[in-house]
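The values are calculated or read from the model by the stated rules, or taken from the named source; none is laboratory data. Since this is a predicted model, take the numbers as computed values, not measurements. So basically every Cβ, Gly included, is an ideal-geometry build from the backbone, and we count neighbours across all protein chains shown.
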Amino acid sequence: MMKRTLITFCSLGCLSIGTLLGSSITVGNDNGANDFPFSGPFFGYAGTDYQEAYASSDFSGPINITGIDFFLGAGFTGSLYAGTYTLSLSVISSNIGSLSSTDLAGNIGSDDTVFEVANLKGSAPSVLTFTGTPFLYDPSLGNLLLDISIAGGKGGSTAAYQDSEGVGTGIARYQNFGLNNGLGYGLVTEFDSTASMATTPEPGTLPLMACLGLVGLLVQRFRRRRLN
C-alpha cells in the first residue's frame, strides 16, 4: 500500500512538468489587428525595435519554448516589412506595465538569449512562425520579455496580425514603430514547446526528474516480486 501511494504521489508530481515536455500556450486575445512590427512603422518612426512583455501568471508552469507563432488578422493580407529580424527572450523582474517606451534596451533581462535570426520578406503568411534555440522559461523567476530587433527594414503593407488592442493586463508592448504602448497592447502570441528537455535542467525540475526515476525503480521491483 505504501509503495502504491508513493508511486501515485510521484506520478502526480511528474505530471507538473508537462509544459516542459510538449505543449503550447496562447497569450493575449484577438481584439483587432496591428501592423507593428511585421508591416513596418508609421511614417517618421524608426521601426527598429519591438518588445512584448508577458505576465508570469499567463503560464501555468515552466515551458521549454521552441516556437513562437503570430496570426494574421481576419480579412488582412499584405506584405511583410522586409529585413533581418532578431528575436530574443529574457526574464524580467519589472512589472510588465511599467517598462520604458524610450529606453528599450534597459527593459531587457540579464539572461537575454537570442532565440532566432530570420530574414523576412514577401507576402504575409496566415501564421508567422519562428523556430529557434530552445529557451527554458520558469514563470516563478519573473515575467517574460520578447525583444524583436529589425535591421535593414523596408517596404511592408497591411500585414496586420492579431492584437489585444489595449484590452487586458497579461500582455504589454513597447516599441519605436508608432503610438500606443503599455498594458493590453501586444500581438496574440503562441508559445510552442516540443518534447525535449534542456541540456542542463533547472534546479526546480530536479526533484521531479528524481520522481520519474523512483517510479521506474519501484515498478521494476514490483514486477520482480511477482515473478518470484
Every residue from the stretch 50-68 that is surrounded by 18 or more Cβ atoms within 10 Å (Cβ to Cβ) and assigned to a strand (DSSP E or B):
TYR50, GLN51, GLU52, ALA53, TYR54, ILE63, ASN64, ILE65, THR66, ILE68
Count - residues of the stretch 136-166 that are of a type in the set (Val, Ile, Thr) and surrounded by fewer than 16 Cβ atoms within 10 Å (Cβ to Cβ):
1
Could you figure out which of (1) surrounded by 15 or more Cβ atoms within 10 Å (Cβ to Cβ); (2) on the phi > 0 side of the Ramachandran plot isn't true of PHE71?
(2)
Being over 21 Å from the mean Cα position of the chain (by Cα), modelled with pLDDT under 95 and of a type in the set (Gly, Ala, Ser) is the filter here, so list the residues in the stretch 160-218 that pass it.
ALA210, GLY213, GLY216
Collect the residues in the stretch 127-136 that are touching a residue at least 40 places away in the same chain (Cβ under 8 Å) and out of contact with any helix residue (DSSP H, G or I) (no Cβ under 9 Å at 6 or more places or on another chain), keeping them in residue-number order.
VAL127, LEU128, THR129, PHE130, THR131, GLY132, PRO134, PHE135
Subset of the stretch 122-146, residues in contact with a Gly (Cβ under 8 Å, 6 or more places away or on another chain) and farther than 26 Å from TYR81 by Cα, comes to ASP138, PRO139, SER140, GLY142
For the stretch 74-87, name all the residues that are touching a residue at least 40 places away in the same chain (Cβ under 8 Å), in a loop (DSSP other than H, G, I, E, B) and surrounded by fewer than 20 Cβ atoms within 10 Å (Cβ to Cβ).
ALA74, PHE76, THR77, GLY78
